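Below: one structure, written as structure tokens.
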Amino acid sequence: VSRASVSRIWETLTGYDRLKQFVPDMLASEREGQDGAAAIVHVTCLTRFMVFVFKLNLHLRIIEHPQQHTLEFEKIAGDCESLRGSIEITTDPVTHDSQINFHAMVVPNGYTTNTKLESMTRRLLVAQANAIRAKAESQ
């Protein structure tokens, strides 16, 4: 949930080249090009499990739907078997707060257990969503 407007959150979220400036543990976030209607974005992040730190390197194909404030993403190369999902930014009709809804399906490489992957992914995505929310609110 955020006090920032849906438009401000959208602008912050889709500023791929700026994300590494304020998202914790994001080492790289670079728009590499275009594939038809999709943006190709390279991201490198650190994530943790207990005392261990893992580096996650992904190339994502992202289709933006700016009028609906949604985007769909899928891994086209990188450190997991598959990754796909969506992000939707909506307004709560009662409180008028903005909401960031994140949905993802991740299939790990053979060396990662589901419990470990779920913990690492949840920690990473919550931290990233909180950083995007905080940046949008501060602008």
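The values are calculated or read from the model by the stated rules, or taken from the named source; none is laboratory data. Keep in mind that this is a model prediction, so the values were computed, not measured. Neighbour counts are summed over all protein chains in view; Cβ atoms, including those assigned to glycine, are modelled from backbone coordinates with ideal geometry. Accessible surface is based on the protein model in full, side chains and every heavy atom, while ligands, DNA and RNA are left aside. Shrake-Rupley method; radii C 1.70, N 1.55, O 1.52, S 1.80 Å.
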(message) If I ask for residues that are part of a helix (DSSP H, G or I), modelled with pLDDT of 90 or more and open to solvent by 50 Å² or more (accessible area, probe 1.4 Å), which ones from the stretch 94-133 would you list?
(response) 130, 133
(request) Could you tell me which numbered condition residue 44 fails, if it satisfies all but one of (1) surrounded by 14 or more Cβ atoms within 10 Å (Cβ to Cβ); (2) part of a helix (DSSP H, G or I); (3) free of Cβ contacts under 8 Å to residues at least 40 places away in the same chain? (result) (2)
(message) If a residue must be without any contact (Cβ under 8 Å) to a residue 24 or more places away in the chain and loosely packed, with under 11 Cβ neighbours inside 10 Å, how many such residues does the stretch 76-93 contain?
(response) 1
(request) Collect the residues in the stretch 23-41 that are open to solvent by less than 50 Å² (accessible area, probe 1.4 Å) and in a loop (DSSP other than H, G, I, E, B), keeping them in residue-number order. (result) 23
(request) Provide a single number: the residues in the stretch 58-72 that are under 21 Å from residue 121 (Cβ atoms) and free of Cβ contacts under 8 Å to residues at least 24 places away in the same chain. (result) 3
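Could you tell me whether residue 67 is closer than 16 Å to residue 14 by Cα and more than 17 Å from the chain's Cα centre (by Cα)?
So residue 67 passes the test.
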(request) State whether one or more residues within the stretch 62-75 are in a strand (DSSP E or B), open to solvent by less than 70 Å² (accessible area, probe 1.4 Å) and closer than 16 Å to residue 108 by Cα. (result) yes
(message) Take the residues in the stretch 76-91 that are charged (D, E, K, R) and assigned to a strand (DSSP E or B); name whichever of them is farthest from residue 117 (Cα to Cα).
(response) 88
